[in-house]
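Written below as structure tokens is the structure these notes are about.
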Amino acid sequence: MPVHIFCINTTGKVKMNNLLLQSILGFLILIVTIISALAPHTLIKKFKLDNDGKPNLFLSLMCCMGGGVFLATCFLDILPEIQSGYDDIKSRMDIKTNFPFPQFMVCLGFFFVYLLEELCSKYFHRDNETCSHVLPNYNSVETSKPLIHENEGNRNEKGIQSVSTEIPCSETTTIESPKHEDKKPNDYFKALSFAIIMSFHSILEGVALGTKNDLSGAIVLFTSLSLHKVIEAFAVGLQISRTIPGRSKFAVLVLFFYSIMTPIGALLGAGLKELDIDTISRDVAVLILECLAAGTFVYVTFLEIIAQESAPKDNKMYKLSAVFSGFLVILVIQYQHHCL
């Protein structure tokens, strides 16, 4: 029996065989995300942009542009979507309070990631101090020279021949050369935590795609999400590749983990829609998760990217321009999505 992806209901709207279509769209997003996320890693490795460990202006500007992308994504995409969902839930549940619940949950998400980062950083820093500090390497150089030396055959005025006396004196010089431990567990944690934060948001993007009922809405969201994903995944790949330079296998593994989250979210959304769950309860749960994800976005944008890249005193205006250019890219995408 042939499998139909689409069917037409009594109102004339095209309906979808949801699970199959979400699988197709999820696979396409997976390909787009993997290519975009691995692109900066490949460029850094091929052109050796970060090979000497010194700050690279091009990579720094690209990271600043990624910070602008995250900034615009948070304030022009995620937060307005949260407020719209909260207003809808308030009207459906007849909630009268004016307490800013979404903003409160966003702050909780921010402080949760902040606390997690500080605790893990403290643990790994202590581990580095006890196990991964600079280890001394001692080398010894021994030199000998005579302490007293008199030439044989010299006679004094009384005709008595002097005795040649030589007492050896040995000096040992110890040269200490530092030997650094290469492994930095804190870098691995920072890369992994960054990928988890971004993956959390990616799952929610996939859930939004998976809960679409009609074909036209799914295609519009898929197109917008794919374009947004190209820019976001490139920024994520760049940030992770710079955090753990020279760790190709681990970086690729982390980026693959990040890339599969949106397709997984799409399948979860399609599965949730098929279950007999109260829609209000589902929407409240999704709203809470979106608020927490927005808080993680705020943390990543300001503390992980923009603050670190703007800390050096050189090229300040170039970095500001890069942040603003990344912001403009998402601004144009959002304008086209909502106004055209």
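Before moving on, here are some points about what is shown:
- Boolean, L268 is crowded, with 21+ Cβ neighbours inside 10 Å and either within 30 Å of Y335 (Cβ to Cβ) or in contact with a helix residue (DSSP H, G or I) (Cβ under 7 Å, 6 or more places away or on another chain) (or both): no
- The listed residues are Y123, Y114, and the only one of them that is over 20 Å from V236 (Cβ atoms), under 21 Å from the mean Cα position of the chain (by Cα) and among the aromatic types (F, W, Y) turns out to be Y123.
- Annotation note: of L221, L253, L225, the sole residue that is in the same structural domain as L272 (by TED's automatic domain parsing), modelled with pLDDT of 85 or more and not acidic (D, E) is L253.
- Check on S248, polar (S, T, N, Q) and closer than 16 Å to I31 by Cβ: no
- A single entry from L320, L272, L268 fulfils the requirement of being closer than 28 Å to I24 by Cα and either at pLDDT 85 or above or in contact with a strand residue (DSSP E or B) (Cβ under 6 Å, 6 or more places away or on another chain) (or both): L268.
The values are calculated or read from the model by the stated rules, or taken from the named source; none is laboratory data. Keep in mind that what you see is a predicted model, and the values were worked out from it rather than measured. Cβ atoms come from the backbone with ideal geometry, glycine included; neighbour counts cover every protein chain shown.
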